[in-house]
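As C-alpha cells, the structure follows; a few thoughts come after it.
The values are calculated or read from the model by the stated rules, or taken from the named source; none is laboratory data. What you see is a predicted model, and the numbers here were worked out from it, not measured in a lab. Neighbour counts are summed over all protein chains in view; Cβ atoms, including those assigned to glycine, are modelled from backbone coordinates with ideal geometry.
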Amino acid sequence: MKAQAAILALFALIAAALPAPAQQRDEDEAGWVGFVEGIETCLADKKPLLTLGYQCIGQFSAACLKHGENQTTVGMERCYLDEFRAWDVLLNRHYRDRPQGPGGAAMQQVQRAWITYRDRKCAYFHVHYAGGSMARWLGAQCMMDTTARRAIELRFFAADR
C-alpha cells in the first residue's frame, strides 16, 4: 500500500510539472525556443545520430546546475524539468513527422507503450527513495533523459524515410 501511495504521489508531481492538455506546449512557446533550437543545433552536428546524438542530452541542465541557487532539491528539479520540456517539444515535433499508413499506426502503438514505460520508470525513484528529497530531482532527471533519448530516436525515424 505504501508503495502504491508513493507511486501515485510521484505521478501527481510529474503531472503538476507538465502542462494541462488544454495548454499544450508547442515549439514556438516563449521561453523554450532557445533551449529547443540549441538542442537542434547540437543534434545537427551529430553523425551518426543514434550514437553521437546522446551527447546533446543534459547540456542545458548541466549549465543550470552550476548556478549556486540551483544547488537545492527544488533547483535541481527545475533544471532537469526545464530541459525535459525542451526535449518534449522536440519529441512532439518529430512524432508529428512520423510516417502515415501502417507504419504510422505501429508508431502510435509504440509511442503509447513508451509513454507508459517512461512514466513508470521515472516514478520508481519515488518508491525507491520512499518519497525523500532525492526522488524529486532524480525523477525529473529520469524524465529529461528518457524523453531526450526517445526524441532522438523519433528524429532519426523522421529523417530516415
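From the list Glu83, Glu77, the lone residue that is surrounded by 14 or more Cβ atoms within 10 Å (Cβ to Cβ), touching a Ser or Thr at 6+ places or on another chain (Cβ under 6 Å) and either among the hydroxyl-bearing types (Ser, Thr, Tyr) or touching a residue at least 60 places away in the same chain (Cβ under 8 Å) (or both) is Glu83. Of the residues making up segment 100-122, just one is aliphatic (A, V, I, L, M), at pLDDT 95 or above and more than 13 Å from the chain's Cα centre (by Cα), namely Ala113. Would you check if Gly58 is at pLDDT 95 or above and of a type in the set (Gly, Ala, Ser)? Here the answer is yes, as Gly58 does meet what is asked. The residue that is farthest from Glu153 (Cα to Cα), among those in segment 37-53 that are of a type in the set (A, V, I, L, M) and surrounded by 13 or more Cβ atoms within 10 Å (Cβ to Cβ), is Ile39. Could you look through segment 132-141, keep only residues that are touching a residue at least 24 places away in the same chain (Cβ under 8 Å) and surrounded by 17 or more Cβ atoms within 10 Å (Cβ to Cβ), and pick out the one that is farthest from Cys42 (Cα to Cα)? By that ranking, first place goes to Ala135. So, of the residues in segment 109-161 that are touching a helix residue (DSSP H, G or I) at 6+ places or on another chain (Cβ under 9 Å) and polar (S, T, N, Q), which turns out to be farthest from Ile57 (Cα to Cα)? Only one residue fits best here, namely Ser133.
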